[in-house]
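What follows is one structure encoded as structure tokens, with my remarks underneath.
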Amino acid sequence: MSIFVDENTKVIVQGLTGGQGRFHGVRNRDYGTKVVGGTSPKKAGTDVEGIPVFANVAEAVDATGATASFVVVPPAGATAAILEAAEAGISFIVCITEGIPAHDEARCYNILKRDFPGTRLLGPNCPGIISPGKCNIGITSGDIALPGGPVGIVSRSGTLTYQALHELSQQGVGQTTCVGIGGDPVPGTNFIDCLEAFEADPDTKAVMMIGEIGGSEEERAAEYIAHHMTKPVVSYVAGVTAPPGRKMGHAGAIISGSQGTAQAKMDALSAAGVSVALNPTEAGEKMVAIVKSL
Amino acid sequence: MDLFEYQGKQYFARYGIPVSPGGEAETVDQAMTVAEGLEFPLVVKAQVRVGGRGKAGGIQLADTLDEVRTHATNILGMDIKGHTVHRLWIERSSDIAKEYYVSFTLDRPNKVYIGMLSKEGGVEIETVAEENPDAIIKLSINPLDGLSLETAAKWVADADLDEEAREQAAALIVKLYTCYVEGDCDLAEINPLILTTDGVVRALDAKVTLDVNATYRHPEWEVWSATDTEDEREAMAKEKGLNYIGLDGSVGIIANGAGLAMSTLDVVQQAGGTAANFLDIGGGANADLMTAAMEVVNADPAVRSIFVNIFGGITRVDEVAKGIIEALRRVDITSPIVLRLDGTNAVEGRALLEPHLNAQLISEPTMLAAARRAVDLAAAPKEG
């Protein structure tokens, strides 16, 4: 099995006619994902390499029965696009847009929470989700993932997500689902949401969690793992050498005062029984050893 | 983007938050001109983005123009905790009766806003939090609800601000909240928020961090972006559109993706070396971007080796390889380069680079091996 998406998930792409939307939307479709439509107010009635374009999400949902949406819209319009999807009844929204103002994210998150409790947002500013061989929504290259499980991956970073997939696939260890939650300050889906889903998924036997400096999500995840996870977890936290007060690329990756250091996160994870690696390669090796002993 | 105090106060003033009249100066002459237009006594304040200016002698009172000249001369160029003073803010001195603290920021775990208010201002809020946590009254604000004047009035009473300050403080706090939200701040902090001896409440300091993601809707920020970067290397990188942070080590880093770049710094340290910088070239790593990255890293005299760590996702490694070859043609790279290229089209990329490999351009199969090689090269005695 997989979490959040599977081989039957029908996806529409908001922003399908833009450069990025077209590239990734078609790429996801070619991977085998059921990309059933796209939206573009000005290009309704046309198609993008056979994918029909609708004027808005509501019409796309009516015509296709889609339940998931892939938001590839520039920052100024991204949160409006997310809310449009939620209003049209979409229950799983992936937003890869980078550079959305934090206040827009905070408002959007709280509107979803208040008015659309059944809708899950993944991102913004995330690589998306891939369930190898079944469904790929986002920008992850499908050929670095290996179907069949038994590992679930959840990560705050994009390229480190690819690195994690690569380390496991190279060793012949497959993945059930790989979720990139993104590095922004207000992520729609957090580590705990994914850990909970992986714990409940019978096909996922172990979880790899990739964190980074900033915030306290890793510490909260550690507490959740200590009390609720029976499956083994391997973790790597990037940014041990990051200086305080400087944003390391992601808007959320910043050490303020003594808060958010990689060391504190690693300590919390270790204390929760997580196997903590010092670099992505070591994380891969630790996970391979765990999978072999299952 | 972290604002200087004077910039923060200018921003506050746009939202109607009372601040003392004053002006900025980069030279002693400018300081004199500013002082001539203000009413004495004045205070001359060093503009650096670090706490503890007062203790370091960066804040001085002036009763006369001569004293302004003396203080401006002394403070300009002063080093405060590694920050050189390039600018002064000169303002009317305030007779302080009480010092409070107020701030708004994002409560990341709960995904709402958090306001902090204390009647014990003027000291580091972290110190208050440690020594007397009850003196900080926190207010959780849902972005969809906002902050009303009534709630602010109750909040200042809960925080036990002096009676005579409460009405003005509540009104000011609502304006600060508006500045925080509509002004797209990551942090809006006043420490101290003062009550003067003649009963006026105003912001004596300003600590503002702007959310650069919102730059597109704030043309008024443009004037501040020029003073944002003081590190020469960072200024050069910024001009080229690169996400660069200068560090103190000898291994130059070029990676794609923030997480991988951070991780690259970590493995360099694990291999016994130190990184000279953080540099994320992001998604579309083409020849121009790679050339720009090489130029910036190469321009740092402390760099002894360069570690290029690329994991192709959307970025195709063959494109990166072309970029490296092009960069080598355009820039005279003085340090040896160690490459680790993986992911989409890595085989094609490595093949393209194969004929160019030599003692100055080395390819390693894994991130760890490449880190070790780069660290060894950085430690080796420099030739010529």
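Of note:
- 10 Å Cβ neighbours from other chains, averaged over peptide A:234-247: 5
- Dipole of chain B, positive end: most advanced residue of B:Gly257, B:Tyr6, B:Leu353 [Cβ charges, Cα centre]: B:Leu353
- In the protein assembly as shown, a dipole from Cβ-located charges (positive for Lys and Arg, negative for Asp and Glu) runs towards its positive end, and of B:Trp221, A:Pro147, B:Ala271 it is A:Pro147 whose Cα lies farthest in that direction.
- Between chain A and chain B, roughly 4100 Å² of accessible surface gets buried, counting both sides and using a 1.4 Å probe.
- Chymotrypsin sites (Phe, Trp or Tyr not before Pro) lying in DSSP loop within the range B:250-353, provided at most 15 other Cβ fall within 10 Å: none
- Shape class for the range B:232-379: rounded, because the ratio a/c of the largest to smallest gyration tensor axis (alpha-carbon atoms, square roots of eigenvalues) is under 1.5.
- Net charge dipole size for chain A [Lys, Arg +1 and Asp, Glu -1 on Cβ; Debye, nearest 20]: 240 debye
- Antiparallel %, DSSP beta bridges [both residues in chain B], to 5: 75 percent
- For the cross-link pairs A:Lys247/B:Lys111; B:Lys9/B:Lys240; B:Lys111/B:Lys238; B:Lys9/B:Lys81, the ones whose C-alpha atoms lie over 21 Å apart are B:Lys9/B:Lys240; B:Lys111/B:Lys238; B:Lys9/B:Lys81.
- Considering only trypsin sites (Lys or Arg not before Pro) in DSSP loops that have at most 13 other Cβ atoms within 10 Å, the longest stretch of chain B without any of them is B:82-381.
- The range B:21-92, relative contact order in percent, only Cα pairs under 8 angstrom and at least six apart counted: 47 percent
- The residue list A:Thr46, A:Thr64, A:Tyr31 was ranked by how far each Cα lies along the charge dipole of the range A:1-69 toward its positive end, using unit charges on Cβ atoms, and A:Thr46 comes out on top.
- The range B:96-223: relative contact order in percent, alpha carbon pairs under 8 Å with at least 6 residues between: 28 percent
- Of the GluC sites (Glu not before Pro) found in the range A:1-64, the ones in coil according to DSSP and having at most 15 other Cβ atoms within 10 Å of their Cβ are A:Glu7, A:Glu49.
- Amide hydrogen proximity for B:Phe307: with H placed 1.01 Å from N in the peptide plane, the residues at 5 or more positions away or on another chain lying under 5 Å are B:Gly252, B:Ile253, B:Ile254, B:Val338.
- Its Cα centre serving as origin, the range B:232-379 has a Cβ charge dipole (Lys and Arg +1, Asp and Glu -1) of approximately 160 debye.
- Other-chain or far-sequence residues with amide H under 5 Å of A:Lys10's (modelled H): A:Thr67, A:Ala68
- Whether the range A:24-148 is rounded, prolate or oblate, judged on the alpha carbon gyration tensor where a/c under 1.5 counts as rounded: oblate
- Distance between the 7 Å Cα→Cβ label points at A:Ala226 and A:Lys43: 5.1 nm.
- Surface share of carbon and sulfur [accessible, 1.4 angstrom probe, percent] for chain A: 51 percent
- Straight Cα distances below 12 angstrom link B:Lys322 to the aspartates and glutamates B:Asp288, B:Glu348, B:Glu354, with same-chain residues fewer than 8 positions distant left out.
- Packing, taken as the mean count of other beta carbons within 10 Å per residue, orders the peptides A:241-249, A:279-287, B:252-260 from highest to lowest as B:252-260, A:279-287, A:241-249.
- Helix A:217-228 axis, angle to chain A major axis (alpha carbon atoms, nearest 10°): 70 degrees
- Overall, the anisotropy analysis places the range B:68-117 in the oblate class: the square-rooted eigenvalues a ≥ b ≥ c of its C-alpha gyration tensor yield a/c not less than 1.5, with a/b not exceeding b/c.
- Beta bridges per DSSP with both ends in the protein assembly as shown, % antiparallel, nearest 5: 50 percent
- The separation of the range B:101-161 from the range A:111-156, counted between C-alpha centres, amounts to 36 Å.
- Computed about its Cα centre, the charge dipole of chain B is approximately 1140 debye, with only Lys, Arg, Asp and Glu carrying charge at their Cβ.
- Compared with the dominant principal axis of the Cα atoms in chain A, helix A:158-170 is inclined by about 70°.
- Residues of type lysines that B:Lys98 reaches as a straight line, Cα spacing below 16 Å, ignoring anything fewer than 8 places off in the same chain: B:Lys119
- Cα long-axis angle, helix A:75-87 against chain A (0 to 90 degrees, to the nearest 10): 80 degrees
- For the range B:211-274, the set of GluC sites (Glu not before Pro) satisfying both a DSSP loop assignment and a count of at most 16 other C-beta atoms within 10 Å is given as B:Glu230.
- Candidate lysines - alpha carbon under 29 Å from A:Lys10, same-chain residues fewer than 8 apart omitted: A:Lys34, A:Lys42, A:Lys43, A:Lys113, A:Lys134, A:Lys205
- Among beta bridges that DSSP assigns inside chain A, antiparallel share in %, nearest 5: 20 percent
- Near the amide H of B:Ile80, within less than 5 Å, lie the amide hydrogens of B:Val85, all on another chain or at least 5 residues away, with H placed in the peptide plane.
- The range B:154-251, relative contact order [Cα under 8 Å, separation at least 6], %: 17 percent
The values are calculated or read from the model by the stated rules, or taken from the named source; none is laboratory data. Quantities reported herein were computed from a predicted structural model and do not represent experimental measurements. All Cβ positions, even for glycine, are placed from backbone atoms using ideal geometry, and neighbour counts span all protein chains on display. Quick note on the areas: whole protein, heavy atoms, side chains included, nothing else; ligands and nucleic acids left out. Shrake-Rupley method; radii C 1.70, N 1.55, O 1.52, S 1.80 Å.
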